[in-house]
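Okay, so here's the structure we're looking at.
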Amino acid sequence: MRHAIDGDTLLLINGEKVRLIGVNTPEITRPQKPVQYFGKEAHLFTSQMVDGKEVRCEFEKQRRDKYGRLLAYVYLLDGTFLNAEIIKQGYGFAYTRFPFKYSEEFRKYERTARENKKGLWGAMGSPHKSGMEADIFRLDILRILIYPYSTFLRII
């Protein structure tokens, strides 16, 4: 592994990009857009987990997304399941727009992280968060209204 590009996308030593299956983190790399709330923290978490480390990738039937990135479940050599850990620690959301084998588990991990106020879920209540509280509140309300049918919403 070379490094994390953002919280849910990795760059391999061979230059190949890997998009983590089933997890979505706030964006930090969108051109002409500001860094999204908790995006830097999600990127830092993923970087600390994988930068420069050897990992094992598992794939589903669809191996690439529409951007040509590999779609993978990523495991550290100690067995840590990176995709799940990001959600468990509150650095990302369960991305269930497309079916995948761990969708139910990832939804449970997200629900537990929210209930325990981990990561971005715990930081939402702080009044000192760079003007993004309203967006997170809107996201939270929308997620409540549509959950469990879809847990993917883009933070804008």
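Pull up all non-local amide H partners of residue 51: gap of 5 or more, or a different chain, and H-to-H distance under 5 Å with H placed in the peptide plane.
Placed amide hydrogens put 4 under 5 Å from residue 51.
Give the residues of segment 60-93 whose amide nitrogen is closer than 12 Å to a point set 7 Å from the Cα of residue 54 in the direction of its Cβ.
77-78
Which of the peptides 75-81, 46-52, 106-112 is most tightly packed, and how do the rest follow, going by the mean number of other Cβ atoms within 10 Å of each residue?
Highest-to-lowest ranking by the protection proxy: 106-112, 46-52, 75-81.
Karplus couplings for segment 75-91 from phi (6.51 cos²θ - 1.76 cosθ + 1.60, θ = phi - 60°), rounded to Hz, Gly and Pro as x?
With coefficients 6.51, -1.76 and 1.60, one gets 10, 6, 5, 7, x, 4, 8, 4, 3, 5, 5, 4, 6, 4, 8, x, 9 Hz.
Mind grabbing the base-10 log of I(q)/I(0) for segment 40-98 at q = 0.15, 0.30 Å⁻¹? Debye formula, identical points on the C-alpha positions, no solvent, two decimal places.
Values returned for q = 0.15, 0.30 Å⁻¹ are -0.49, -1.30.
Once amide H atoms are placed 1.01 Å from N in the peptide plane, what residues at a sequence separation of 5 or more from residue 71, or on another chain, have their amide H within under 5 Å of its amide H?
Under 5 Å from the amide H of residue 71 lie the amide H atoms of 19, 64, 65, each far enough along the sequence or on another chain.
Here, each number is a calculation from the coordinates, and none is a lab measurement. Source: prediction; values computed, not measured. All Cβ positions, glycine included, derive from the backbone under ideal geometry; neighbour counts span all protein chains shown.
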